[in-house]
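The values are calculated or read from the model by the stated rules, or taken from the named source; none is laboratory data. Nothing here was measured: the structure is a model prediction, and the numbers come from that model. Cβ: placed from backbone, ideal geometry, glycine included. Neighbour counts: every protein chain shown. Ligands, DNA and RNA are stripped out before the accessible areas are found, and what is left, the full protein with its side chains, is counted by its heavy atoms. Shrake-Rupley method; radii C 1.70, N 1.55, O 1.52, S 1.80 Å.
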Amino acid sequence: MEVIVESGAHAIAVRVADAVCELLRRKPDAVLGLATGGSPLPSYDELAERCAAGLVSFARARGFTLDEYVGLPPGHPESYRAVIDREFVSRVDFGPGAVAAPDGSAPDIPAACRAYDDAISAAGGVDLQILGIGADGHIAFNEPGSSLSSRTRIKSLTRQTRVDNSRFFGGDVDAVPAHCLTQGLGTISEARHIILVATGANKAEAVRQLVEGPISARWPATVLQLHQHVTVLVDEAAATGLELLDYYRETLRLKPDWQGI
Ligand code: PGA
């Protein structure tokens, strides 16, 4: 796991965009894992700008989102399908139908979850997964207690996650669905490269646990310690809990130029 502390959200976005552009140069039909939430937004802005400038194309790429609310009517503006379309997919040049999302209104939820995992496998797996992290250590909607080998499935959201997300539902916690479909921790762990982005002091404890805590379902993101290629991009505020911070900075400073992230 590589930890890179950046000065702020823009510097993080440049790093993420560089990694996506480099991947698409090497593999134009790459499969991207796309997170929703606030953390990846500056990266999506950066990529949309580069795409508009002709510096990168998503025309042959495909994408899979991580999660979706259960029970929102299709097309609801806060469904993650609508959010990723609005905030990223519609701003770059993906082909029609190139980005898939779990179907939270499917009549047979377990079948829809299995079909989603199968579709990721059929696409050859995710080459680069962009991830955020919740203050409670969740990744996607894998709340504390999630099996570290879980597959895409239905989960109950914690009260805290519903409170955090109520800002998108007019401040009404009860308007936030209680259930979601989410890629499992086992599903996410199959991505070949994972870039996790965290900014702000309210993420510092989750980042500390992710990087230096014991692997535990109590902090689901800690499963990433078992992955061979994870890049953690944080700002100074999110890095404050890290005991080995000086080592991570020194490692970056001395890193060979050829190595990339
Ligand atoms: P955020 O959410 O990027 O909006 O902070 C991250 C998450 O809850 O996974």
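With all protein chains kept in place, the per residue accessible area of the chain amounts to 43 square angstrom at a probe of 1.4 angstrom. Potential lengthening of the chain between residue 93 and residue 149 amounts to 16.8 nm, from the contour at 0.36 nm per residue minus the alpha-carbon distance. Among 27, 155, 203, the residue with the largest mean-square fluctuation in a Gaussian network model of the chain, with springs joining Cα atoms closer than 10 Å, is 27. Taking the DSSP beta bridges with both ends in region 2-256, the antiparallel portion is around 30 percent. Within the accessible surface of region 135-211, defined with a 1.4 Å probe on protein heavy atoms only, the carbon and sulfur portion equals 50 percent.
Of the peptides 7-13, 127-133, 71-77, 184-190, the ranking by mean beta-carbon count within 10 Å, highest at the top, reads 127-133, 184-190, 7-13, 71-77.
Helix-only arithmetic for the chain: the sum of -39500 (n - 2.57) across DSSP H runs with n ≥ 4, divided by the residue total, places the mean residue ellipticity at 222 nm at -9500 deg cm²/dmol. If you take the alpha carbon atoms of region 1-70 and fit the smallest convex hull around them, that volume is 117 Å³ per residue. Any idea how far the Cα center of region 1-79 sits from the one of region 152-198, in Å? Cα centroid to Cα centroid, the span is 17 Å. Dividing the alpha-carbon radius of gyration of region 14-141 by the rule-of-thumb value 2.2 N^0.38 Å gives 1.03. For residue 18 and residue 246, the FRET efficiency from 1/(1 + (r/R0)^6), where r spans their Cβ atoms and R0 equals 22 Å, is about 0.30. Taking the alpha carbon gyration tensor of region 143-183, multiplying each eigenvalue by 5 and rooting it gives semi-axes of 22, 10, 7 Å, largest first. The alpha-carbon positions of the chain define a convex hull whose volume is 120 Å³ per residue. When the chain is treated as a GNM with alpha-carbon contacts under 10 Å, the residue of 168, 64, 94 showing the greatest mean-square fluctuation is 168.
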